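Structure first, then comments.
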């Protein structure tokens, strides 16, 4: 006898949720690359035609992005990409300092040789992508993967959700910077070496300095509010 459902008809099919994920990922990519520019209008009708889907997954994807602060929904089937502002930038990086700073302090004592090797490989992947001239969104994915590699063993589900929101908020500023040279990742290499040294205080200090340097570079490149 078939097992009765305990979830009821309100739970969406997995296939539909997967479609929403794909639309969300593509919109993330377009925002991070600057293909959907800050303050730019987004037509839900045009997105449906572009993705060849109904308005349902597009609207749900836009709602997700609105919760992340990347999109503002408007009436009449339209939306607008959130503006880039120094206030948003400062708040994002201030929270990153708090969340990542706490996690890195707890991560260092728990680091194994296997974890350190994963961090090293993540850095190698990041620098290889940058050398190949890959789009901004791909570099951002690799940079998030590197940061996650440091804290993955101590980050809980809530930590990861908060980090993902903050990372996407920070990454959307990447396209205002000129294509960076390979030396851009000198600070990341320093972080890897400090992780190997097993000194949480020094690593946290260097980590926060890295975030502040990144924030300052973006702030300098942003047009005045």
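For the stretch 170-200, filtered to residues that are at pLDDT 90 or above and either under 18 Å from residue 31 (Cα atoms) or not in a helix (DSSP H, G or I) (or both), the residue that is nearest to the chain's Cα centre (by Cα) is 170. Select from the stretch 59-87 the residues that are within 15 Å of the chain's Cα centre (by Cα) and within 12 Å of residue 173 (Cα to Cα) and list them in ascending order. Within the stretch 59-87, just 70 meets the criteria. Which numbered condition in (1) part of a strand (DSSP E or B); (2) touching a helix residue (DSSP H, G or I) at 6+ places or on another chain (Cβ under 8 Å); (3) surrounded by fewer than 19 Cβ atoms within 10 Å (Cβ to Cβ) is the only one that residue 59 fails? Just one mismatch for residue 59, condition (1).
Here is a yes/no grid of residues against (1) closer than 28 Å to residue 223 by Cα; (2) touching a residue at least 40 places away in the same chain (Cβ under 8 Å); (3) assigned to a helix (DSSP H, G or I):
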position: 76; (1), (2), (3): no, no, no
position: 84; (1), (2), (3): yes, yes, no
position: 88; (1), (2), (3): yes, yes, yes
position: 101; (1), (2), (3): no, yes, yes
position: 108; (1), (2), (3): no, yes, yes
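Once the stretch 110-147 is narrowed to residues that are touching a residue at least 60 places away in the same chain (Cβ under 8 Å) and outside any helix (DSSP H, G or I), the residue that is surrounded by the most Cβ atoms within 10 Å (Cβ to Cβ) is 111. Restricted to the stretch 1-20, and to residues there that are modelled with pLDDT under 90 and in a helix (DSSP H, G or I), the residue that is surrounded by the most Cβ atoms within 10 Å (Cβ to Cβ) is 19. Number of residues in the stretch 62-93 that are out of contact with any strand residue (DSSP E or B) (no Cβ under 7 Å at 6 or more places or on another chain), loosely packed, with under 14 Cβ neighbours inside 10 Å and over 20 Å from residue 177 (Cα atoms) equals 3.
The values are calculated or read from the model by the stated rules, or taken from the named source; none is laboratory data. Since we're looking at a predicted model, the values are computed, not measured. Don't worry about glycine lacking a Cβ; one is built from the backbone with ideal geometry, like all the others, and counts go over all protein chains shown.
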